[in-house]
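Taking it in order: structure first as structure tokens, then the write-up.
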Amino acid sequence: MASLAPPTTDRPLLEIRDVSVALRTGNRTMVAGVSLAVRPREVFGIVGESGSGKTLLTRTLLGLQDDAYVAGGSVRFNGQDLPVNGYANKARKLLGHSIGFVPQDPFSSLNPSMRIGKQITEAIYLAKGWPMGAERTREAAIGLMAEVGIPEPALAFNQFPDQFSGGMRQRMVFAIALAQDPKLLVADEPTTALDAITQRRVIELILDRSRKHDLAVILISHNLELLRQSVGRIAVLYGGQLLNIVPSGDIGQSTIHPYTEALFDCIPTREKTLADIRSIPGEPVGAGFGLKGCAFASRCPYVVTACRTTDLPQNAGTASIFSACILGRGVH
Amino acid sequence: MRYVGQRILFSILSLCVLLFITFLLSHVVSGDPAIVAAGPNAGADKIAAVRQEMGLDRPLLVQFWIYCSNILHGDLGTSWFTRQPIASDIIRELPPSLELVFVAMVINLAVSLPLGLLTARYAGTTFDDVVRLVVMAGAGLPIFWLAIILQQVVAGQWRLLPTAGRLGFENRDFTGATGFTLLDSLMQGRFDVFADALAHLVLPAFALTLLFTAVGVRITRTAMMGEFRKDYVVLARAKGASEGRIMVRHVFANGATPALTVFGMQFGWMLGATVLVEEIFGRPGIGRYAVKAVTQSDIHAVVAVVFVVGLVFLISNLVVDIALFLLTPRKHAGA
């Protein structure tokens, strides 16, 4: 399992301040005012419901979202500023060596007509920028496949993606990310398409191998329980706003942001009785709802008038723990 | 390999259907061939003798069997007008047409595939709009009109390329083993003849292909569009692959199936469309041969042309199927 120790005071690997993301068509702001910092070797979670903007935010930050752009704020990766102008091109230059990405659906993220081995050796070649000889590249790829737990990797090297299960395919996608020796791994719902037992194994594998390779990991999920058990800190997104950054150990223990609390109340666990499991009343708002006040106000049990009129508090100092609740709930 | 076997078997079946259709054309549709063959002054005895000689008094299935066996032995019948075996006419006339279609197809692929890929990648941009506009205009031009305009302007007024024919006057006696001038001239090391033949091919090939290229660009664009939205493209970008690499190495093979299938059929359609271009540019070929045969009511020659064009159509589709199998073995393994 991941280290749950509180984040160290290392210089952040990724630091984003007051970042907003807008769609290219209509310039509609979908995510606004997000500030957070991820430190080297940290395992960081981002949780949010469908439409909360978590995937849009991360994909745009990686330069992988064609229909959206970084509209404001500042981004620093590994000590390097990424300007908002021409952001996507700059960010894409980091892909394939400094940042690795594992997309959501392993059934569609591998090229169906290219042999597995070729897809991994291509990643090695692209990360290095020069060919290191077919035989050595092949050995490196087979070594990586063995490392991510693919049985008979030499055989699998010549096979096609559809000859493998979802779990095996996600391992191969992970091997592709590892092949590029990045500093940061971003995994967007990497196990959502997999069954529960495979989920567990793949997450454990990703965290274990990432620690061995000294990677920082950003794990994106709608599953708070999965993140609570896997990562050190969790950023909570709702309606395109950053509501909470909370150490996973605090969830269910001390006071946390009302939305995070509500999310946790939805999770069935061994300690809870059926009466303890509550769904959140009302309907979720989508990202980009208008961004005045707190997005959760309409469903929050503690809501006061000020929640709808006061600008949302920002994590301007990229503090490691943060709550955007104006009532001070979850504020340390 | 099972897939390739299936495709070959399928082609053989198609060939049987083609044979049956051409058989019906020559034996049923054309009226009583014995009367025509015996000549206008023949009496009933003569006609009966001819009928027996031609095997027309025998059951239709037996006639079909004889017809097939003749064709498989390379006998396409005898022209009523030239009194020559049609097979030797076809062997003489087919290479120039195939050569024209090959060059037209090369132009077609060289334009359609890159433009289709690029417009799919940059769909919705000004570039896409401009290409679409030009392509739509191209698709609207009739082949014969375009051929005449090209001939009048590029060859006639600007004198950039030859007006008509297959070779220039100085090379009129050039012959070779295969009948394909481009190939023969290369084999004999006659690069001057090669250049001459190619110059004579540019305008007709362009006129022949423009309509097909317009369709080709659109088909390729549509086929590739869906691929760019797939997650493996995102993963390829996440690997740091350039857009060019993504197009060529990843998207192309996956999106190629519907596009290449259409190109395979276009090859056959083009051979049928050589009629107009060959007439206008005064090139020998199967198209002009067909026109002559039709105007002379030379039914056996017409049917032979139909058969040969159909055969080329079948072969080009088989070649495309096998090419697709080699390009994306996975997709077809289960088929």
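The values are calculated or read from the model by the stated rules, or taken from the named source; none is laboratory data. This is a predicted model, so every value here is computed, not measured. Here Cβ is always computed from backbone atoms with ideal geometry, including for glycine, and neighbour counts include all displayed protein chains.
General observations
- Among the residues of the range B:118-164, those identified as within 24 Å of the chain's Cα centre (by Cα), surrounded by 13 or more Cβ atoms within 10 Å (Cβ to Cβ) and farther than 17 Å from residue B:280 by Cβ are B:135, B:138, B:139.
- Taken over the range B:73-98, the criterion of being out of contact with any strand residue (DSSP E or B) (no Cβ under 9 Å at 6 or more places or on another chain) and crowded, with 16+ Cβ neighbours inside 10 Å is satisfied by B:80, B:87, B:89, B:90, B:93, B:94, B:95, B:96, B:97, B:98.
- Filtered by the rule that a residue be outside any helix (DSSP H, G or I), within 16 Å of the chain's Cα centre (by Cα) and under 30 Å from residue B:328 (Cα atoms), the range A:155-198 gives A:187, A:188, A:189, A:190, A:191, A:192, A:193.
- All conditions but one from (1) buried (at least 17 other Cβ atoms within 10 Å of the Cβ); (2) more than 18 Å from residue A:16 (Cβ to Cβ); (3) under 25 Å from the mean Cα position of the chain (by Cα); (4) not aromatic (Phe, Trp, Tyr) apply to residue A:320; the one that does not is (2).
- Only one of the numbered conditions (1) within 14 Å of chain A (Cβ to nearest Cβ); (2) in a loop (DSSP other than H, G, I, E, B) is violated by residue B:284, and that is (1).
- Residue in the range A:103-122 that is over 22 Å from residue A:188 (Cβ atoms), within 13 Å of chain B (Cβ to nearest Cβ) and outside any loop (DSSP other than H, G, I, E, B) present: yes
- Within the range B:302-318, residues that are in the same structural domain as residue B:265 (by the TED database) and within 14 Å of residue B:89 (Cβ to Cβ) reach partners that are part of a helix (DSSP H, G or I) and aromatic (Phe, Trp, Tyr) with beta carbons closer than 8 Å, at six or more positions or on different chains, in the pairs B:305/B:289.
- Take the conditions (1) assigned to a helix (DSSP H, G or I); (2) not hydroxyl-bearing (Ser, Thr, Tyr); (3) not assigned by the TED database to the domain that holds residue A:266; residue A:201 misses just one of them, which is (3).
- Breaking point among (1) surrounded by fewer than 16 Cβ atoms within 10 Å (Cβ to Cβ); (2) touching a strand residue (DSSP E or B) at 6+ places or on another chain (Cβ under 9 Å); (3) of a type outside the set (Ser, Thr, Tyr); (4) more than 13 Å from chain B (Cβ to nearest Cβ), for residue A:67: (4)
- Condition met for residue A:75 (within 9 Å of chain B (Cβ to nearest Cβ) and either over 29 Å from residue A:38 (Cα atoms) or under 25 Å from the mean Cα position of the chain (by Cα) (or both)): no
- In the range A:165-180, the residues that are within 12 Å of chain B (Cβ to nearest Cβ) and not aliphatic (A, V, I, L, M): A:169, A:170, A:174, A:180
- Any hit, the range B:249-263, residues being surrounded by 20 or more Cβ atoms within 10 Å (Cβ to Cβ), charged (D, E, K, R) and at pLDDT below 95: no
- Condition check for residue B:237: out of contact with any Phe, Trp or Tyr (no Cβ under 8 Å at 6 or more places or on another chain), crowded, with 21+ Cβ neighbours inside 10 Å and within 14 Å of chain A (Cβ to nearest Cβ): yes
- Hey, residue B:101 among the β-branched types (Val, Ile, Thr), surrounded by 15 or more Cβ atoms within 10 Å (Cβ to Cβ) and within 23 Å of the chain's Cα centre (by Cα) or not: yes
- Flag for residue A:302 being modelled with pLDDT of 90 or more, in contact with a helix residue (DSSP H, G or I) (Cβ under 8 Å, 6 or more places away or on another chain) and surrounded by fewer than 21 Cβ atoms within 10 Å (Cβ to Cβ): yes
- Residue in the range B:260-279 that is in contact (Cβ under 8 Å) with a residue 24 or more places away in the chain, on the phi < 0 side of the Ramachandran plot and within 14 Å of chain A (Cβ to nearest Cβ) present: yes
- Any chance residue A:126 is without any contact (Cβ under 8 Å) to a residue 60 or more places away in the chain, within 23 Å of residue B:245 (Cβ to Cβ) and out of contact with any Pro (no Cβ under 9 Å at 6 or more places or on another chain): yes
- Considering the range B:198-234, the residues that are of a type in the set (Ser, Thr, Tyr) and surrounded by 22 or more Cβ atoms within 10 Å (Cβ to Cβ) include one that is farthest from the chain's Cα centre (by Cα), namely B:232.
Yes or no, residue by residue, for (1) at negative phi; (2) outside any loop (DSSP other than H, G, I, E, B); (3) more than 9 Å from chain B (Cβ to nearest Cβ); (4) in contact with a strand residue (DSSP E or B) (Cβ under 8 Å, 6 or more places away or on another chain):
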position	(1), (2), (3), (4)
A:41	no, no, yes, yes
A:56	yes, yes, yes, yes
A:89	yes, yes, yes, no
A:93	yes, yes, no, no
A:101	yes, yes, no, yes
A:137	yes, yes, yes, no
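- Residues in the range A:123-135 that are away from chain B (no Cβ under 14 Å) and either in a helix (DSSP H, G or I) or closer than 24 Å to residue A:166 by Cα (or both): A:134, A:135.
- Checking every residue in the range A:264-287 against the condition of being buried (at least 21 other Cβ atoms within 10 Å of the Cβ), in contact with a Leu (Cβ under 7 Å, 6 or more places away or on another chain) and closer than 27 Å to residue A:69 by Cα gives at least one match.
- Verdict on residue A:248 being crowded, with 19+ Cβ neighbours inside 10 Å and more than 21 Å from residue A:311 (Cα to Cα): yes
- Extreme residue, farthest from residue B:95 (Cα to Cα), among residues of the range B:165-187 that are surrounded by fewer than 16 Cβ atoms within 10 Å (Cβ to Cβ) and in contact (Cβ under 8 Å) with a residue 60 or more places away in the chain: B:165
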